[in-house]
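See below for the structure under consideration.
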Amino acid sequence: MKKVLTLILLVISLTIVSACSSAKEEAATPTLDDYVKALTDVGAKDQGENAYALVNASSGKLLALGTTPIQIVEYDSVDEAEKALKEQPKLKKWSIRGKVLYSTKSDEAKKILDELK
């Protein structure tokens, strides 16, 4: 009886641990808000929303670090972001991370965006 009870508790514990770890993996991909916060923390100025609807994105922001513009758009899913990157001529040179695409010529901004976790 003790062995069965121990086995059941072990299975329940493993289920809980595996469920929690998969939720952390989903949250590991930064969102548009994470990118905006990281950039504004280092002095980027919010320039309002960009024309994200022109590239079929669900949201977007335009920021400036010094005089260099930073464009960020977010899609509803990773698949939509990858599809837009392939099909939209305006986005060919943009960087992608999860469901977020961004473009800037600022090396400082690129470093911040690439290191965001």
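Name the pairs: first residue in the stretch 81-98 and closer than 18 Å to L116 by Cα, second residue modelled with pLDDT under 90 and among the aliphatic types (A, V, I, L, M), Cβ to Cβ under 8 Å, at least 6 apart or on different chains? Filtered contacts from the stretch 81-98: S95/L113; R97/L113; R97/L116. Would you pick out the residues in the stretch 32-80 that are among the basic types (K, R) and touching a residue at least 12 places away in the same chain (Cβ under 8 Å)? Result: K45, K61. If you go through the stretch 43-96 and keep only what is touching a helix residue (DSSP H, G or I) at 6+ places or on another chain (Cβ under 6 Å), in a strand (DSSP E or B) and among the hydroxyl-bearing types (S, T, Y), you end up with just S59. Inside the stretch 97-117, residues that are outside any helix (DSSP H, G or I) and of a type outside the set (A, V, I, L, M, F, W, C) make up a count of 9. When the stretch 91-117 is examined, which residues are found to be in contact with a strand residue (DSSP E or B) (Cβ under 9 Å, 6 or more places away or on another chain) and over 21 Å from K37 (Cα atoms)? The answer is L91, K93.
The values are calculated or read from the model by the stated rules, or taken from the named source; none is laboratory data. All values reported here derive from a predicted model rather than from experimental measurement. When we count neighbours, we look across all protein chains shown, and the Cβ atoms used for this are built from the backbone with ideal geometry, even at glycine.
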